[in-house]
Amino acid sequence: MLTQIYIKNFVIVDELTLEFSPNLNVLTGETGAGKSIWVDAVLLALGARADHNPVRENQKQCNITLCFDLRLQPMALAWLHEHDFDTEEECILSRTITEEGKSRSSLNGQPCSQHLIRQFSAHLIQTHSQHQHQALLKRDIQRTQLDAFADIAQQTTKLTALFQQWQKIQNEIELLKQQTNNKKEELNLLQYQQNELLTLALEEDEWQKLSDEHQRCFNAKSLIDNVNTALELTTTNEQHNAAQLVHQALSQLQDQPFEDEALANIREMLNTAAIHLQEAGNSLNSYRNSLDLSPDQLHILESRIQLIHDIARKHHCSPEQLHEIQASLEQKISTLENSDLHLETLIQTKTNVLNQYKKLAKSVSRSRQKHAAVLSKKVTVLMQQLGMEGGQFSIQLTALDGPIHAHGQEQVEYHVSTNIGQTPQAMSHVVSGGELSRISLALQVITAEYCKPPTLIFDEVDVGIGGSTADTVGALLQSLSQNQQVLCITHLAQIAAKGQHHFQISKQVKGKTTVSQVKQLQQQQRVEEIARMLGGQTKTSQAHAISLLQLQDH
């Protein structure tokens, strides 16, 4: 159950706190006061995409925090436990959006991705709004709604996964068949390419070594000159070299008439330096003698490098990737050589997947047929109460051609007749805006009753409804709220009067800015608000408001 909403710097909301209770909570206010803003804030906190910048003008960021009581929500608690979040009885969801559009969310104080937030929100709230009426004309939405009512969403998800698996295997079979048709030519080409690489016999890291060696050979003269100069400076120059100079320094410090510990340390360091210089000279001499920088060596290196380059160019890759190409060729040759066996395995796997699909699809079809009849009957009954006497609602299941489909073996489509004696036709062709609104509300109320999310939000779904129909809608919402928390934004006094908790949202100008405010109404304030909704603060409207509230109390 949603217990509290905290909103700061969101659109025209400066700072707002709403505390909700169980049963039916109604929110009313003048047109344009911002009644739906808090619904938008809830949806954003639950992971919806921000289509525009929601940060209040001249502010750096907006913050939205939702608090939930999960004591009676075992599935929500199980989800938190499964994803390693704190599983306290109170849950806190928070989202911050900056003026630059950056967003971050947290769940029970831990950073959380929008993907996980959206997963978790399915266990918390179901929202119904005016724009969903038009969405209901789409067959995909109709199918999804029927599947939710039949509680087979998990089965249909698995059905789609089986279809995708079948489709992938089918594509692999077609590709393998194409390859098999040219098997001999393809195999000859692959084996030729493989033999070429085997003949090349490229060793691990050989390319890097060749590149280094080529660079060294290319700079041969400069390298030899530098090594010879270093050798002369170190040990071989007869007149002046580092080793000779160090020895001369040592001789100057020998045979002193007195012992000096500091001087002894210096002599030790010079002696060590002399030893290192002699070793460096020997190493330089060995390195110089090891150099093979002849023109023949350079030619051999360049020929090898050119050969590797040519083969790499044939395969449209870098020389470093030739080892991967060789492994890939081996795999392709193995696949082709065993293509008949592989094809047989794929066909058998496809058959197994198809059998699983058909078995599950048959179960889904039976469930859809059963629940389509139940839902059709319930909506038809409710249509009579919603001012559509003689109207009829039916769900048509039409078998699809072909062996397999992504969402099952039938197309789901809502059909409606709005008058006695008319044959039901596709809902998208026959209903007016007002009729669509009422049918949509009936579906929302019925499916919510069966799906039983802990909190239901109805955002002005009563547009185009009045009179006794409004009383019926109010009674329906009130009935739902006996077992679920219902939050309803309404412009109808008959519905507002049925709420156990009543909030009024108003818009005020502060200085040069407009802000939206909310307050929970007490009894006399409710009378005044409902009277306003009935047409104004007259004695007649106030008496009517009192009678509506008294009727609710009884």
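Spacing of the modelled spin labels on K158 and R49, each 7 Å from Cα toward Cβ, amounts to 3.1 nm. Along the axis of the charge dipole computed for the chain (Cβ charges of +1 for Lys and Arg, -1 for Asp and Glu, origin at the Cα centre), the listed residues Y414, G281, A262 are led at the positive end by Y414.
For segment 38-45, what does the Karplus curve 6.51 cos²θ - 1.76 cosθ + 1.60, with θ = phi - 60°, yield as ³J(HN,Hα) per residue in whole Hz, taken in order and with x for Gly and Pro? So the J values, rounded to whole Hz, are 5, 5, 4, 5, 4, 4, 5, 5. Amide H to amide H distances under 5 Å link F10 with R56, where only residues 5 or more positions off or on other chains count and H is placed in the peptide plane.
Using a/c under 1.5 as the rounded threshold, could you call the chain rounded, prolate or oblate? The axes a ≥ b ≥ c are square roots of the C-alpha gyration tensor eigenvalues, and prolate needs a/b larger than b/c, oblate otherwise. In terms of gyration-tensor shape, oblate. Look at the dipole of the chain built from charges on Cβ: of N355, V246, L456, the Cα furthest out on the positive end belongs to L456.
Over all other residues within a Cβ to Cβ distance under 15 Å of Q142, the charged ones net out to 0, with Lys and Arg as +1 and Asp and Glu as -1.
When the trypsin sites (Lys or Arg not before Pro) in segment 434-534 are filtered for DSSP coil states and for at most 14 other beta-carbon atoms within 10 Å of their beta-carbon, the remaining sites are K512. Over all other residues within a Cβ to Cβ distance under 14 Å of K359, the charged ones net out to +4, with Lys and Arg as +1 and Asp and Glu as -1.
Taking Lys and Arg as +1 and Asp and Glu as -1, the other residues whose beta-carbon sits under 13 Å from that of S129 total -3.
For E90, the residues 5 or more places off, or on other chains, whose built amide H falls under 5 Å of its own are L70. Of the residues V227, S318, S290, the one whose Cα sits farthest toward the positive end of the charge dipole of segment 185-337, with +1 on the Cβ of Lys and Arg and -1 on the Cβ of Asp and Glu, is V227.
Remark on L487: its backbone amide H falls under 5 Å from those of N25, L456, I457, F458, a criterion applied only to residues 5 or more positions apart or on other chains, H modelled at 1.01 Å from N.
With respect to the chain, whose longest principal axis is taken over its alpha-carbon atoms, helix 153-181 is tilted by about 40°. With everything on Cα atoms, drop me the angle between helix 523-534 and the longest principal axis of the chain, reported from 0 to 90° to the nearest 10. Its long axis makes an angle of about 80 degrees. Taken about its Cα centre, the chain carries a charge dipole of about 3960 debye when Lys and Arg each add +1 at the Cβ and Asp and Glu each add -1 at the Cβ.
Of K358/K378; K60/K510; K370/K498; K8/K519, which pairs sit farther than 24 Å apart, going by alpha carbon to alpha carbon? Could you put the intermediate results ahead of the total?
On the way: K358/K378 30 Å; K60/K510 19 Å; K370/K498 34 Å; K8/K519 16 Å.
Check vs 24 Å cut-off fails for K358/K378; K370/K498.
Mean residue ellipticity at 222 nm, helices only, the chain: -18000 deg cm²/dmol; runs of at least 4 DSSP H residues each add -39,500 (n - 2.57), and the sum is divided by the number of residues. What you get for segment 185-337, charging only the Cβ of Lys and Arg (+1) and of Asp and Glu (-1), is a dipole of about 400 debye around the Cα centre.
A short reminder: the numbers here are calculations on the coordinates, not readings from a lab. Since the model is a prediction, treat every value here as computed from it, not as a measurement. A quick note on method: Cβ atoms are made from the backbone with ideal geometry, for glycine too, and the neighbour counts reach across all protein chains shown.
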